[in-house]
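Reading through the structure tokens given below for one structure.
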Amino acid sequence: MVEVPEVALPRSGSGPLALSEARRAWNRSRIAPVSEIRCECTQPNCRDRVPAVAETHREADEFVVAPAHSDGVAVVRVADQFFVVERRTHTVPRSLGEAS
């Protein structure tokens, strides 16, 4: 398993979204083929990884996160080992079958 280095926290005054963007930039800067990428959640101490194939399932304004790290965000795609979430941070996803 590849050791995942700590991603530098953005300068003070930056919100959780900046941390997610910093992790996404690190994931995209990887040159060699990898089997896992860093979870792009907003938890400062997160060191979880998700399968690299998750990168192909998201749009430019979305993040890939470990399933347990999707609290408080709108989940737009679900897989066994990762979720793709929207950039917004205050939407709570509805359960399937829940009335609108």
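The values are calculated or read from the model by the stated rules, or taken from the named source; none is laboratory data. In this text the structure is predicted, and so the values were computed from the model without any measurement. Ideal geometry is used to build each Cβ from the backbone, glycine not excepted, and the neighbour counts take in all protein chains shown.
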query: Regarding Ser20, is this residue small (Gly, Ala, Ser) and surrounded by 19 or more Cβ atoms within 10 Å (Cβ to Cβ)?
result: yes
task: Output the residues belonging to the range 12-42 that are within 18 Å of Val65 (Cα to Cα), assigned to a loop (DSSP other than H, G, I, E, B) and either at pLDDT below 65 or not hydroxyl-bearing (Ser, Thr, Tyr) (or both).
output: Gly15, Arg30, Val34, Cys39, Glu40, Cys41
message: Which of the numbered conditions does Val4 fail, given that it passes all the others? Conditions: (1) modelled with pLDDT of 80 or more; (2) touching a strand residue (DSSP E or B) at 6+ places or on another chain (Cβ under 7 Å); (3) not in a helix (DSSP H, G or I).
response: (1)
task: With respect to Leu9, determine if the residue is hydrophobic (A, V, I, L, M, F, W, C), at pLDDT below 90 and assigned to a loop (DSSP other than H, G, I, E, B).
output: yes
- prompt: If you go through the range 32-43 one residue at a time, how many are closer than 18 Å to Arg87 by Cβ and of a type outside the set (D, E, K, R)?
  reply: 5
statement: Here the residues within the range 43-68 that are part of a helix (DSSP H, G or I) and either polar (S, T, N, Q) or surrounded by fewer than 20 Cβ atoms within 10 Å (Cβ to Cβ) (or both) are Ala52, Val53, Glu55, Thr56, His57, Pro67, Ala68
message: Of everything in the range 64-100, what is at pLDDT below 90, closer than 12 Å to Glu40 by Cβ and not charged (D, E, K, R)? Give them in sequence order.
response: Ser70, Val73
message: So in the range 69-86, with the set limited to residues that are charged (D, E, K, R) and assigned to a loop (DSSP other than H, G, I, E, B), which one is farthest from Ala18 (Cα to Cα)?
response: Asp80
